[in-house]
Structures are given as structure tokens and as C-alpha cells.
1. Which of the residues spanning region 728-747 are closer than 27 Å to D505 by Cα and at pLDDT below 80?
2. What about T124, is it among the β-branched types (V, I, T), part of a strand (DSSP E or B) and surrounded by fewer than 19 Cβ atoms within 10 Å (Cβ to Cβ)?
3. Which one of these is touching an Asp or Glu at 6+ places or on another chain (Cβ under 7 Å) and at pLDDT 95 or above: D89, D48?
4. Counting only residues that are under 24 Å from the mean Cα position of the chain (by Cα) and surrounded by 23 or more Cβ atoms within 10 Å (Cβ to Cβ), which one in region 324-344 is farthest from D244 (Cα to Cα)?
5. Within region 679-712, track down each residue that is buried (at least 24 other Cβ atoms within 10 Å of the Cβ), modelled with pLDDT under 90 and aliphatic (A, V, I, L, M).
6. Given the criterion more than 19 Å from A189 (Cβ to Cβ) and in contact with a Ser or Thr (Cβ under 6 Å, 6 or more places away or on another chain), identify the matching residue among D95, D111.
7. When you go through V38, V47, V66 one by one, which is the residue that is in the same structural domain as D104 (by TED's automatic domain parsing) and more than 14 Å from M112 (Cα to Cα)?
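The values are calculated or read from the model by the stated rules, or taken from the named source; none is laboratory data. What you are looking at is a predicted structure, and each value in this text was computed from that prediction instead of being measured. Reconstructed Cβ throughout: ideal geometry from the backbone, glycine too, with neighbour counts over all protein chains shown.
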Amino acid sequence: MIKRILFLSLGLFIGSTAFSQLNMSLVGHVDYMALHSVELNDCWGYVDETGIEYALVGTSQGTSIVSLANPANPVEVFWEPGTESIWRDLQVYGDYAYVTTEADDGLLIIDMSPLPASNVLPTTNYFGPIGQTWSSAHDVFIDTTGGWAYICGANRGNGGMIILDIHTDPMNPIEVGVFDTWYCHDAFAQGNMLYGAHIGEGFLSTIEITDHANPVLIGTQITPNSFTHNVWVTSDDQYAVTTDEIAGSYLTLYDVSNPDDIHEVDRIRSSPGLNIIPHNAFILDDSLIVSSYYTDGITIHDMSRPHNLVEIANYDTHPLETGTFNGSWGAYPFLPSGLQLASDISEGLFILQPTFVKPAYYEGLVRDASDLNPLTDVSVTINNNPQTDLSNAQGEFAVGTMTNGTQSVDFYKVAYYPQTQPVNFANGILIMDTIDLVPIPPFSLMVIVQDENGDPIIDADVRIEVPQMTQEGQTNGFGESDFQLYYPGNSTVTAGKWGYNTNCDEYVLDASTGTLVITLVEGYYDDFSFDFGWTATATGATTGLWERGIPITAADTAAPPFDSYYDCGRYAYVTGNADNTVSSDFDDVDNGRVTLYSPVFDLSGIPDPYLYYEAWFFCQYGPAQIDDTLEIFLSNGITQVKLEEYPPTGFEINWLPASFHISDFIQPTADMQLIVTVADDAPDINVTEAGIDVFFITDQDILGLDTPEKQLINVFPNPAQDKLSVISVSDETYMLVTPAGTVVRIGKLNNGSTEIPLAGLDAGIYFLQSSGQTIRFVKL
């Protein structure tokens, strides 16, 4: 028998590669880059008739079987080469391994019964029945009790679940049924229940399979990040755990005892704030959740109190601590010896020994001290613990820790005084408590929004922001909006309405303020601080739809990671804004067009209007032809003209300003509308992202500004807050002008340096005009 000895010096390996660990130790390791120059996919386990345990490992170029007869000295005993693929998943029924891949190898079946006497193992490849063949699949789940295999994500139909009888003849599966309503990424089955993880639709499904030939859908449940990757269920069909393969997402536990009425029990994530991605989760002994967690390695969570999941062990297999698709792909916690397996994509196979220690639990009720009613959404955090729990609708909270001794627990809710409670934690002990939070006495503020004539502006949007909270309102028929505020001090107040220039500024607000008057200047301006009624449509595309929001940063910066610097607030319109910090391709425009329409604006009374906006456009993807566009049109209700087309050159990772003299393109009317279209046309599907921000109408060409090398005056800092420093080569008169053309300052520049005070000016864009030159700057 040819064997390859794979053990590395355990001491050296721990010193160089074990990055962090809790209650798990390294027993053995296989370096597959050294062995086969391959990366790893999934892993599974097998026990032969003599009791020897094995690790089955899917790799990018084949399937490996490793003997764990001496787990500290693992030995590969079988290698089956395969077509290269980054997906190769496997499970076991009896003495047979079943391996799927998204290459065109079909279902590989390996007869392992000759082990350990011989490593010459019979194999075959199954491609489905005649007339209904398939050649690739994403995953396989095997119900070992009944002898049923469930193929997920095959290249047939919608890629749902194909049900195979493997108990009749394990080397020759028989297709008996299919559930093909949606693509399925992963599945779990036992008894008469089948559970599906539908990653594209973002939900868990429950399916009755008393008759395997006729699966019947019972219920669905959307998971927290709507990207349902994996599902595993307790032996009594009471609880199911899911993962969303999204940066910063959760392990989520559901009560599935009533499969048509699924409800969440608890959720938790590893390394909150670091955007780590969960991958596959398994339930061990109905009391532990073992997960492969990409760059966090392997994690184990106690679920003996299902509403209070607590991480009790972990082993980091990967040097990175970022939200990327590196690190531990697979985990296998079911070996009889208690050893656990982890397959790290680049670092190899890890054989681990866990130590199970019960956490310390702290649970109870949070109430309002004034009336003893329960409080929801109170954050509860143990000091020096990154996990935060929120009290539920009944005011109940539940947290836990692996650290014994007295620790501080912080209770916080907006509009209540925070409270810290000392708790003496002990492993395995539950402490119950009742916490009463004292409400902060509010103070009243009336915001009056008026026009330049002092007349009230009805239905104006008002937002008041402090670090602790944001409150919004809308003015009544008298231009008034009443607020109950809780935190005196510096506040950002923003007010706006379509047909006026949005105003944002800093104010010191307290109980003595009473009334705040904000004056809005007529004009058309929208930085998307508020929803002024832009509308969006899509043709073909199902992702990358236009949406107003605070841009979410993606690691590749193809999508806008922030809004324009030159406006109020943090909002913009972007094509897709899903919470995924790994890749913009997750929610970009694909295989279609998305169009954004402004509200109608009246330019009939403006003598010589100019249009200004800032746009973001990115189009790029590897070898694919870059052929997609961002087109911007202007309509006057009668005709429509194209203002500009952003070519598919990609890499414009910035907000690009644009200014147009409207009458050069179209006759201004009372029915003007801006139209923004992004196309990601077939056949070349690229990463296509766009954004629009800082739309306004002005009476001057803002971009007809002097370039720095032509300027006789220069300003700094830009943006500026309290004062603007100006360098001039001569004595000159200056004006500060708003985008609407209102002159707000007039003064004199000295030859050399001059400081212009900005106190009293609203935050926003201004223009310094002097000697026929115009320089744009931002007042914070």
C-alpha cells in the first residue's frame, strides 16, 4: 500500500499558523499545497469496519481520503483526480462516498469498503437518467437513515433538489423525485421532512417528503441577510440553524417544530464588526453548533439554551482577519472519537480536539422604571465582550460568557439613562435578574420652516441628528414640526422640500431653545437627504436596482462607498446597496437596465438655467468585454435629449461632477425631468455600478471654473468649517455665492493671505468669485 506521510512538526506548525484558539487544540494537519498544489473545498468523515476514522477532503483538482489511524500523523490513502473546480462537496452513506462538483464530473461515487486492507477503491460517475442528465452540481446531502441523496444546484432545470435512491444500489443511484421550484444551494433531510437553503431567494424552505416522488412545500422563512447558504436541523426537527454567506452575517437558530410557522429563536455572529463571513453550520448532539467561518476558522456555539447562543470554542485556521472568502470552507464534527475536521482553502486540513465547557448565562427582564412596562431593543453587553443582545418585545434579554468572575454588564436604550450592573459569572450557572431603566426627561422643540418671505412651508421634511439618535418630522399647515428631544448639545438639523434648496446646519439645542426657525430658498436641489419622490424602474435586471440610501462600502470600491463630499448628509442614489462588504458584484446591475426618474421641475421662470449633478460609474470585469453604459437624459415633457454617456472604460472610482447650460440642449419648460439609465447588457456581464448625487439647478456654469494652474487665487482648507484662507496675487474684491446665485458675503482680498469668516453660513457648497474667477468650496 502506497502511503504519503503528511504530518508536519506539530510544535512548528502551532507556532506559525495557529492564530487564535479557545477550548480547541490542534492534533494534526495536512498541507495540501505541498502535497498536491491544490486548494480545499469541503470535508467529511468516514469510519471503516475496524473503527479507523478517515477524513474525506474535496479539493480544487480531486478528492482525497486521509487515514486518521494516528490523527497526529495523518496519511493520505486515496486520491481521485477530477476536473478543476473551486466547488467539490461530499458526504457518505455506509461505505460509499458521494462527491459533487461544479465541474462536469457528475456525481462521483467511491466504494470505500476495501479500506483499510486496500486503497484500490472502485469508483463510478453518475450523470442522471437518460433524457434528464446533468453534469455538475453544487452540493449533496445524504439522509443516512433512509439512504436518500439530495443533489442541490445541478445544471438541470432551476437547479433545485434532485432526490436519489441510493439504498437499493449505492453505486447506481435511482432518481425518484425532484423539488425544482427554486435553485437550492444546500439541503438537510430526515424522516419525512426536507429543508432547503435557497441562496438566491434568501430563504429557508420546509418540504414534506412522505412520498419522495411528490415533495410538498410547507413553508418558507427569510433569513437575516437574505442569502441563505446552509441549513442543519436537530434530530427531533425542533430547531434549524442557517447561515447567510454575507460579510458580517449571522448564525440564526429557528424553531421549525411547526414547519408552516417558522420563527427565529436567536442569532449570533463571530467577531462582530470585522465583517467575517459564515459558511457552513452543523448541529452536534442537539446542543452545539459547529461552524466553518471562513477567516475566523472553526467556531462552536452552545445552544443548550436555544434563545441564548454563546460561543464556547474556536480555532482560527487562517492568518487573515477580514471579511473575505478565505479560510475555513468546511467542518465535520461527527467523528466517534470526538475529533473535528476543518478544511481551510489555502492552509490545508486541520484535525482538532475540542474541550466542551458550559458558558455562564445571564438572563432576565428589562423594564421602564417609571411604569414597570417591559422595554424592547435594550442593548445588553458584557464588558470586554463583542456580542450585544437586544431585549425582545417582552423585555427579555439573554447573554453569556466563557469568562468567570465579576464583570460589568451595560444596559443601553435611546432616551433612557444607561445602567451598568456588576455580575459574578460562573461556568454552567444561570443568573436571573430584573433591570429597571430610568427614562431621560425630554425637552420640547418647535422647528418652523419658512420661505424667504417668512411664509410657512407646508410638508417640509425635518431631521434632527445627535450621536445617540435621529428624529424626523414634517411640517404642518403652519410650517411647524414639533419634537421631543432627549440629548441637549450640538445637533445637526436638516430641512428640505422639493422646490427649495435643502438646508443643513449645526445648532446647540437644549430646553431653553424652544423654537428654531429655518429659512429655505426657492430652487431645485436634491442631495437625497430626504425622499423627494424620485422613481425607479428595471428592465431585465433583478439586482442593482436604483435605491436611495447611505452607501455601504464594498471591499473592491466599485460601488460608491460614500456619497458626494459636497452636500448635506450621507445619502445618494446608487445601483444596489446590499449589506455585503466583500464584493460589489453581489448587488450590481446584471443582464438588464435600471432607470431613475427625477420629479418634474419647472424651469419656465428661470432666465438662463444650468443643471449640475455628480455621477459615479464603474464597469469592469476581467476578460469580459466592457460594453455597458451610464446614460443621462433631460426631458422637457415634449422632447428628450441625451446630455452625456459615460463610456464603458471602468475604473472611474470617484464622484464625477457635470454641469450643462440647459438651453444649449433643450428648451426649458415647466415639465422638466432628469432621467438616468444604467445598462449591463448581454452577453458580457460585467461588474456595473452607478450613483447620482447633488442634483441642483443654478444660474451659472459651475464647472466653468478655472483650473488650479490658471487660478490667481487659491483657497484652503477645502472643505472649511469656521474660516476660509485665500491666497491672492493682488488686491481684489470677492463675493461668496450659493449655488442658487444668492450673494452671502462681499469683501476684499489682500495681496497675499486673507481669512474669510464663515460663521453663520449654512453647511453646503459655495463659490468664491473674484477677478472673473470662480472657485468651489464646501462649508462644513
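1. So in region 728-747, the residues closer than 27 Å to D505 by Cα come out as 734-747.
Passing the criteria: P739, A740, G741, T742, V743.
2. Details: among the β-branched types (V, I, T): yes; part of a strand (DSSP E or B): yes; surrounded by fewer than 19 Cβ atoms within 10 Å (Cβ to Cβ): yes.
Yes, satisfied.
3. Details: D48 fails: touching an Asp or Glu at 6+ places or on another chain (Cβ under 7 Å).
So the residue among D89, D48 that is touching an Asp or Glu at 6+ places or on another chain (Cβ under 7 Å) and at pLDDT 95 or above is D89.
4. Taking region 324-344 and keeping what is under 24 Å from the mean Cα position of the chain (by Cα), we get 324-331, 344.
Cutting the leftovers down to surrounded by 23 or more Cβ atoms within 10 Å (Cβ to Cβ) gives us 327-331, 344.
On the way: G327: 16, S328: 15, W329: 14, G330: 15, A331: 16, D344: 19 Å.
Ranking the qualifying residues of region 324-344, first place goes to D344.
5. V687, A690
6. Details: D111 fails: in contact with a Ser or Thr (Cβ under 6 Å, 6 or more places away or on another chain).
Going through D95, D111 in turn, just one is more than 19 Å from A189 (Cβ to Cβ) and in contact with a Ser or Thr (Cβ under 6 Å, 6 or more places away or on another chain): D95.
7. V38
Yes/no per residue for (1) surrounded by fewer than 17 Cβ atoms within 10 Å (Cβ to Cβ); (2) more than 23 Å from G760 (Cα to Cα); (3) of a type outside the set (S, T, Y):
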residue: M469; (1), (2), (3): yes, yes, yes
residue: G479; (1), (2), (3): no, no, yes
residue: S491; (1), (2), (3): no, no, no
residue: D510; (1), (2), (3): yes, no, yes
